[in-house]
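Accompanying notes for the structure given below.
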Amino acid sequence: MATKTFGISPRGAVHRWTQTLIPTTREAPADAESPSHVFLSRAGFIRKLGAGIYDFLPLGYRVLKKVSQIVREEMDGAGAMELHLPVMLPIELYNETKRHVAYGDLLFKVTDRKGAVCALGPTHEEPITEMVKGSINSYKQLPINLYQIQTKFRDEARPRSGLLRGREFLMKDAYSFHTAVEGPGGLNETYDKMHAAYTNVFRRCGLDFTVVEAESGPIGGSASHEFMVNAASGEDTILKCPASGYAANVEKCEIGPRPAPAKGYFAGEPSGALEEVHTPGCPGIEDVVKFLKVKPQHMLKSVLFKVQSTPEDLAKYGEEFILAVVRGDHDVNEGKVRDAAGVSGVELADVKEAAAKGFAVGFISPRAALGKKGVLVVVDRDAAIGFDDAAGKPKFWVTGGDKIDYHVKHFNWQRDLGKDPLAAAAHKPETHGTGGLRGGDDYLMVADVRNALAGDPSPRSAGAKLETGRGIEVGHIFKLGTKYSDAMGLSVLGADQQKKSVIMGCYGIGVSRTVAAAVEQNHDENGIVWPVAIAPYHVLITLMRADSADHAALADKIAGELAARGVDVLIDDRDERPGPKFKDADLIGVPIRLTIGEKALAAGAVEFKTRRATDKGSLVPTGEIVEWCVQKIGDAMG
RNA sequence: CGGGGCGUAGCGCAGCUUGGUAGCGCGUUUGGUUCGGGACCAAAAGGUCGGAGGUUCAAAUCCUCUCGCCCCGACCA
């Protein structure tokens, strides 16, 4: 009969409090703020050595190993092979991908005695690509998926929240290599396997999580999903459609059809004569809102982006800009601006550049784009309004005065653009044209270019509204394509005897961050409430009288039997009073507590209590307690 | 990188304005009384006050420089 395994080895551990190191404290270090940081520190799981650098003490390391083991099992199960790459990466490795430039100061560097510089790997696309390049020549050797669980380094500008954003952290990173995107052995097949494996990992960890569509970010690539642990303290905003299950992070989230105004975009009489007002020192929406006592939804926010051009485009068309216009209470979404304009990238124009082009940053109105070659105005649907349907009157807009320290009231699209925006927009109101860029004629378009908000229409289900939540990113999968293989010259010979670019995917899990996220999501005022699968121990046996040989013997007996069933046991054998023992038990958050004391023993029983339960616990006959615990653990782990 | 703040015992803090050779709580050690949700009494150990320079008879305290750490922000005008 196969024994079910709960822990990291078939036989469970039996450890004694007095023989391990669990330095609990009543007070948290002054710099700890987030729950995971406070409790992991107070409960003796981690200890800070420097900014964003932490010791993992025995309890913390046990949790880290358990998460790692789950990750390892699921990766192996999905056909990935574990390997181990160096942390120190010669800086020359980045010559072809230029990512040492893209990463900038985020990259830790060390210099050896000869003056040679090494980066401490923040991720490992380059070394894995380099390694595969030297090891694989034929399509017959693909696909392959390789992973490691490795310490990573990032010189974060501001490390914070303990393990959540450290400068040194444990990460699982996998890289897959293919000759095709579709079909058997293609990238999509592995991507889907990884998606499933990640779902298994976080489900097995006992975490409540959401998978969201994501922007691929600086790592590059074509498609990606993020795995977010749902927690109020999360740094990332995610949006979900309750009807369709669609979920995305705020950078990526689409907004469903928004009804066009009844009279059409931009149409409507002015709300009054254009009035210039002096707004000294008020470049921001908030400043103006306070100063003029107008509502932000009556302001137009104009943000100037510079188009990232290739040298060829630059020579042909010169520098090009996009002026994105959204309502004052909305946020411009850079990715949507980029996509709407149909360009490969945009970046915020700096103040000097903008001024040179005639834009007064902080006080820009859409009028500033008039008559300027190479400037496209992209107006969000909620900003392309002339008549306020809800209010039944002309829309009142406040926008920039196009000179420092001035705004204007009663802006009207049709009157003040001096050219009929309706006609201009009519060309391509819905399509992703290139507008006035690349020598085109259109200078203005209407599109979805703002961040989604709670209450916005779902893009996947008519009538449903998006909801927001907070999340902690613990996993991220990308379809990389040929970005790295092309840059570094990784190709294989195909069946047709022709060289083929290798198509890559990459898949990361923040292992140490997952530990912290688990605490963010699972704690109460007394301490951590570990999910069973990643708890440092499954069972804590608390001895009320550590000096009683009988009690100790019983604890040993129960612990031994539990261990034989794969259960990890910690025996609190400290000669302490009950108070501190119970407080520490709650703090370290072991899921099951067995209390051995005179009271229960008189009834031939031990006291059983789960960490999550609020009651005092129940008495279970000593002869049945092992089976009882095994049962409960099995239930809890599904 | 900009702004703010903090470095004094393992942890949390006071002392600094007004210089005079360091204190409190928790924890730790010893003895005793206790013993089911952070006990009590008594004794004790533990700090070159982040570092370097300076002023002074005398510096945790004043001055200069440094290093470390935390928080907010980092370009949505």
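Some points to look at:
- Under 18 Å from a label point set 7 Å out along the Cα-to-Cβ vector of residue A:356, the amide N atoms of the stretch A:299-325 belong to A:304-323.
- Accessible carbon and sulfur surface of chain A relative to its total accessible area, %, 1.4 Å: 52 percent
- Among A:316, A:295, the order of accessible area from largest down is A:316, A:295, computed with a 1.4 Å probe on protein heavy atoms.
- In order along the stretch A:207-212, the Karplus-derived 3J(HN,Hα) couplings, from 6.51 cos²θ - 1.76 cosθ + 1.60 at θ = phi - 60°, round to 9, 8, 9, 10, 9, 10 Hz, and Gly and Pro are given as x.
- Per residue accessible area of chain A, 1.4 Å probe, in Å²: 44 Å²
- Rounded, prolate or oblate (a/c below 1.5 giving rounded, otherwise prolate when a/b exceeds b/c) for the stretch A:549-628 by Cα gyration tensor: rounded
- Contour minus Cα-Cα distance for residue A:291 and residue A:545 (0.36 nm per residue): 84.5 nm
- When the surface is traced with a 1.4 Å probe over the full set of protein chains, residue A:303 keeps roughly 30 Å² accessible.
- Nearest 10 degrees, 0 to 90: helix A:549-564 Cα axis against chain A principal axis: 60 degrees
- Accessible heavy-atom area order of A:113, A:470, highest first, probe of 1.4 Å: A:113, A:470
- Once the mean of 1/r is taken over each pair of separate Cα atoms and inverted, chain A shows a Kirkwood hydrodynamic radius of 28.2 Å.
- Among A:471-483, A:343-355, the order from most to least packed when residues are scored by Cβ within 10 Å on average: A:471-483, A:343-355
- Taking amide H positions as modeled 1.01 Å from N, with prolines and chain starts lacking one, the residues under 5 Å from residue A:381 and 5 or more places away or on another chain are A:447, A:449.
- The stretch A:462-522 shape via C-alpha gyration tensor axes, a/c threshold 1.5: oblate
- When the C-alpha to C-alpha distance is required to be over 26 Å, the pairs from A:252/A:316; A:373/A:479; A:48/A:240; A:306/A:483; A:316/A:403; A:252/A:352 that qualify are A:252/A:316; A:373/A:479; A:48/A:240; A:316/A:403; A:252/A:352.
- FRET efficiency, 1/(1 + (r/R0)^6) with R0 41 Å, evaluated for residue A:308 and residue A:11 via beta carbons: 0.10
- For the stretch A:349-354, 3J(HN,Hα) computed residue by residue from phi via the Karplus equation (6.51, -1.76, 1.60; θ = phi - 60°) reads 6, 7, 4, 5, 4, 4 Hz, glycine and proline entered as x.
- Per-residue ellipticity at 222 nm from helix content only, as computed over chain A with -39500 (n - 2.57) for each DSSP H run of at least four residues, stands at -7500 deg cm²/dmol.
- The lysines within cross-link reach of residue A:599, meaning a Cα-to-Cα straight distance under 30 Å and a gap of 8 or more places when in the same chain, are A:557, A:581, A:583, A:609, A:616, A:632.
- Cross-link reach list, aspartates and glutamates versus residue A:152, counting only Cα pairs under 20 Å and skipping chain neighbours closer than eight places: A:55, A:82, A:92, A:105, A:112, A:125, A:126, A:130, A:168, A:173, A:226, A:473
- Around the amide H of residue A:605, modelled in the peptide plane, lie the amide H atoms of A:622, all under 5 Å away and 5 or more residues distant in sequence or on another chain.
- Database remark: amide H of residue A:386 closer than 5 angstrom to the amide H of A:266, A:267 (H placed geometrically; neighbours at sequence offset of 5 or more, or on other chains; Pro and chain starts carry no H).
- When you restrict to C-alpha pairs under 8 Å that are six or more residues apart and normalise by the size of the stretch A:24-119, the relative contact order lands at 15 percent.
- The relative contact order of the stretch A:516-638, computed from alpha carbon pairs under 8 Å that lie at least 6 residues apart in sequence, is 28 percent.
- Here the relative contact order of chain A, from alpha carbon pairs under 8 Å that lie six or more residues apart, stands at 19 percent.
The values are calculated or read from the model by the stated rules, or taken from the named source; none is laboratory data. Source: prediction; values computed, not measured. Note that we place each Cβ from the backbone using ideal geometry, even for glycine, and neighbour counts take in every protein chain shown. For accessibility, only protein heavy atoms count, side chains too; no ligands or nucleic acids. Shrake-Rupley method; radii C 1.70, N 1.55, O 1.52, S 1.80 Å.
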